[in-house]
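Below is one structure, written out as structure tokens; comments come after it.
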Amino acid sequence: MRAPPCAVAPLVEVPRRALSTLASVSRARQVVTVTADLVILTIRDGDLCVLVVERGNEPFAGRLALPGGFLRGDESLDETAARELSEETGVDASSLHLQQVGVYSAPDRDPRVPRVITCAYLAIAPDLPLPRPGSDARSAQWLPVSGARRIGLAFDHDHLLEDAVELARNDLQFRTTATAFCRDEFTIGELREVYEVVWGVGLDKPNFYRKVTDADGFVEPTGRKRQTGNGRPAALYRAGPASSVTPPMMRTRPGPRPGRTA
């Protein structure tokens, strides 16, 4: 029997415009500098807040921006992020939830020369203290995320902020990230507030309690109670050993939060 003919992939015609674009790209290597920018989130007075600094130097002197800094010496980017976090908040990074959001390299994202590429990090902590400005900032403050959106941040930091907030929202569905917003001991009501604030929704109390306590290793009872505003003591919990939420806490549609208008 004759062997069947070998399949030949069809030729793909590359548009002339694409060829000319490839030909025009410089083969010269780019000299770049690298920074780590921090999206530090916490909950203050029922609002999701982000740490912003007023820039003291050009470019964008006087504008609000996310804290961050350049890679130094033999640092890794993770070490740069940890150092900047400590300098901006006075908090040891090892005690916080800290994760990469993404790398941002658009040529026009930063007007400085040489070109600046940044890696954004998300840091989450419970009710952080009033910040102190770093060496190149005039001031530092906690600003509601909604306020930061209205004002507009320097560089491409609006983009970084949106990506980090969306990462936090998604993480709450599948990971135990919500406990990073809480103190060492917390009530189920305080944990529910985290979801309501970050997601911007109102959640059913009994249903939330059932989901949280049924999720393996999400929270653990401490055996202690705390007096609450309604006069009834509430059981205290701490973060459990699990890193993922099983079953997941699926994000619900935006709706009014208790005590707030839609």
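Tabulated values for the structure
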| quantity | calculated |
| --- | --- |
| Unit charges at the beta carbon, dipole of the chain: most positive-side option, I151, Q141, P206 | P206 |
| Linear extension gain, S86 paired with D216, 0.36 nm per residue minus alpha-carbon span | 43.5 nm |
| Distance-filtered residues of the range 95-109 - backbone nitrogen under 13 Å, label point 7 angstrom along S243 Cα→Cβ | 98-100 |
| Charged-residue dipole, Cβ positions (Lys, Arg, Asp, Glu), the chain about Cα centre, Debye nearest 20 | 740 debye |
| The range 57-178, Cα convex hull volume normalised per residue, Å³ | 122 Å³ |
| Projected area averaged over orientations for the chain, convex hull of C-alpha atoms, nm² | 23.7 nm² |
| Proximal charge balance of E79 [Cβ under 14 Å; K/R count +1, D/E count -1] | -4 |
| Degrees between helix 205-214 axis and first principal axis of the chain (Cα, 0 to 90, nearest 10) | 70 degrees |
| Over the range 172-239 - Rg/Rh using Cα atoms and the Kirkwood inverse-distance radius | 0.93 |
| Over the chain: helical MRE at 222 nm, DSSP H runs n ≥ 4 each giving -39500 (n - 2.57), nearest 500 | -8000 deg cm²/dmol |
| Computed E for R27/D163 - FRET, C-beta separation, R0 35 angstrom, nearest 0.05 | 0.65 |
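Read-outs throughout are calculated quantities, based only on the coordinates presented, and are distinct from any laboratory measurement. All values reported here derive from a predicted model rather than from experimental measurement. Note: ideal-geometry Cβ built from the backbone for every residue, glycine included; neighbour counts use all protein chains shown.
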